[in-house]
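The values are calculated or read from the model by the stated rules, or taken from the named source; none is laboratory data. Computed from a prediction, not measured in an experiment: that's the story for all the values here. Methodologically, a virtual Cβ is constructed for each residue, glycine included, from the backbone with ideal geometry; neighbour enumeration extends over all protein chains shown. The accessibility values were calculated without ligands, DNA or RNA, using every heavy atom of the protein model including side chains. Shrake-Rupley method; radii C 1.70, N 1.55, O 1.52, S 1.80 Å.
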Amino acid sequence: MDSTPLIFVIAILIALSAFFSASETAFSSMNRIRMKNKAAEGHKRAKLVLKISENYDTLLSTILVGNNIVNIASSSIATVVFTSFMGDIGVTISTIVMTVVVLIFGEISPKSIAKDKAESIAILLAPPLQVCIWILTPVNWIFKLWKMLLTKIFKLHRNDTFTEEELITIVDEVQSDGGIDQHEGALIRSAIEFNDVDVEDILIPRVDVIAIEKNTPMQQILDTFREQGFSRMPVYDGDIDRIIGLIHEKDFNRLFSTGAKDISSIIKTATIVAKGMKISKLLRLLQYNKTHMAVVVDEFGGTAGIVTLEDILEELVGEIWDEYDEVVEEIVQNPDGTYLVACNASLEKFKEKFGLEKEYDSSTVSGWVMEELGKVPEIGDTFSYGNLSVVVTKAEFRRAIEIQITVSDPEDSPQTT
């Protein structure tokens, strides 16, 4: 018996097995965003790839059915060939040989290549794969009905949404692969986490707010603007808990040059917000009101502090310094290995730096210090937290201003930035 035609058929079936295996890996591993960009540029095959991948269940059933058909057919034909030469022992030999051949040439090799060149392979194999989908449409329809039945029986529900943590993990992986640099990665992570930040996490607290009383003499207001370097300041009526608006430096200078005696004509309505508002919502509110500052009130209606547009943007892009700002690093490592920490620093950033896991009600390091001490901080107060030894080095207005931290275990020392 001439086995040459059968061997040729086996080779074709192994090639088809490689085709289906490569298709499965390529379509499951390809970068859809990159493929969408190619399609947007007018790449016709990229559009076909996206069309096929949109119905992944049909694609997968086509690949699995096709792969099983060609693998079973190749094994059956190989058995006939081997038994014709070797008799009954040919069945065993055929099983061994075809297992090795299918694994190497029909599975491992094509899948390895498709994994490394997923987009290119998907684009190359999309047209013939579309033909296979058309041919196996009746079979796919049966499997679709079978899947619907399984879904109802086992109450299966597919969830294709990404969580925030998963998105951040993707950004970390892309950054580690070199797709984006460290700055771009940090910016994307900040944007993802932007909606989780409350106003109280970034506000300038009441004790640090520079405001003026509405009846303050004009010369004193001018001196305050010059000393502080602010472009706008809140205005209150009698008490800082009754902020009635804000004035802009340009408006005040123009008014001052006319010899006016009060600022009532230039006071603009202040935007009042609660501490629990998300800064993403506040950003839209400030844009709508065409203002750069909002007054934050507490649950009793008193002034908790203020927040500026710059404070919000710094949550996205990091610290923004201008020519009037005194550049202050919130966490500084000393030559002896200790750390000096400004107590107005964000507690979240502090926890990330030093590995704190416990949840606190406070949003600043100053509040954390007060919670840990259980009293009003004073210079020289000390306490320990895990492997951290904390000393209050500066305090005023019944709050901590600066602390010094010693990390007891050098291996757990946080990395400097």
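The helices (runs of 4 or more DSSP H) found entirely in segment 1-106 that carry 3 or more residues being within 23 Å of ILE133 (Cβ to Cβ) and of a type outside the set (Phe, Trp, Tyr) are 4-29, 32-40, 44-54, 56-86. Checking each residue of segment 14-35 against the condition of being over 31 Å from the mean Cα position of the chain (by Cα) and basic (Lys, Arg) gives no match.
Condition first: within 31 Å of the chain's Cα centre (by Cα), modelled with pLDDT of 85 or more and closer than 20 Å to LYS51 by Cα. Can you find one or more residues in segment 160-170 that meet it? No, segment 160-170 has no match at all. Given the conditions (1) among the β-branched types (Val, Ile, Thr); (2) under 33 Å from the mean Cα position of the chain (by Cα); (3) at pLDDT 90 or above; (4) part of a loop (DSSP other than H, G, I, E, B), report the number of the one that ILE379 does not fulfil. Failing condition for ILE379: (2). Selection over segment 73-94 of residues that are within 20 Å of ALA18 (Cβ to Cβ) and free of Cβ contacts under 8 Å to residues at least 40 places away in the same chain gives a count of 3.
Screening THR224 on (1) open to solvent by less than 30 Å² (accessible area, probe 1.4 Å); (2) within 19 Å of VAL209 (Cβ to Cβ); (3) polar (S, T, N, Q); (4) under 37 Å from the mean Cα position of the chain (by Cα) shows it passes everything except condition (4).
The residues on offer are ILE267, ILE240, and the sole one that is under 25 Å from ASP361 (Cα atoms) and over 35 Å from the mean Cα position of the chain (by Cα) is ILE240.
For segment 153-161, the condition holds for no residue, the condition being that it is farther than 30 Å from ASP361 by Cβ, in contact with a helix residue (DSSP H, G or I) (Cβ under 9 Å, 6 or more places away or on another chain) and buried (at least 16 other Cβ atoms within 10 Å of the Cβ). Mind checking whether some residue in segment 231-247 is of a type in the set (D, E, K, R), closer than 30 Å to GLU164 by Cβ, touching a helix residue (DSSP H, G or I) at 6+ places or on another chain (Cβ under 8 Å) and at pLDDT 90 or above? No: zero hits.
Residues considered: ASN344, ASN253. Of these, the only one that is in a loop (DSSP other than H, G, I, E, B) and either modelled with pLDDT of 90 or more or in contact with a Ser or Thr (Cβ under 8 Å, 6 or more places away or on another chain) (or both) is ASN344. If the condition is being part of a helix (DSSP H, G or I), of a type in the set (Val, Ile, Thr), open to solvent by 40 Å² or more (accessible area, probe 1.4 Å) and under 20 Å from GLY305 (Cα atoms), then segment 180-221 contributes only VAL207.
Among the residues of segment 268-286, are any assigned to a helix (DSSP H, G or I) and at pLDDT below 90? Looking for residues that are assigned to a helix (DSSP H, G or I) and at pLDDT below 90, one finds none in segment 268-286, hence no.
Taking the listed residues SER53, SER61, SER21, SER74, the one that is modelled with pLDDT of 90 or more, under 22 Å from THR4 (Cβ atoms) and open to solvent by less than 30 Å² (accessible area, probe 1.4 Å) is SER74, with no other qualifying. Restricting to segment 341-400, name every residue that is β-branched (Val, Ile, Thr) and open to solvent by less than 20 Å² (accessible area, probe 1.4 Å). Scanning segment 341-400 gives VAL341, VAL365, VAL369, VAL390, VAL392.
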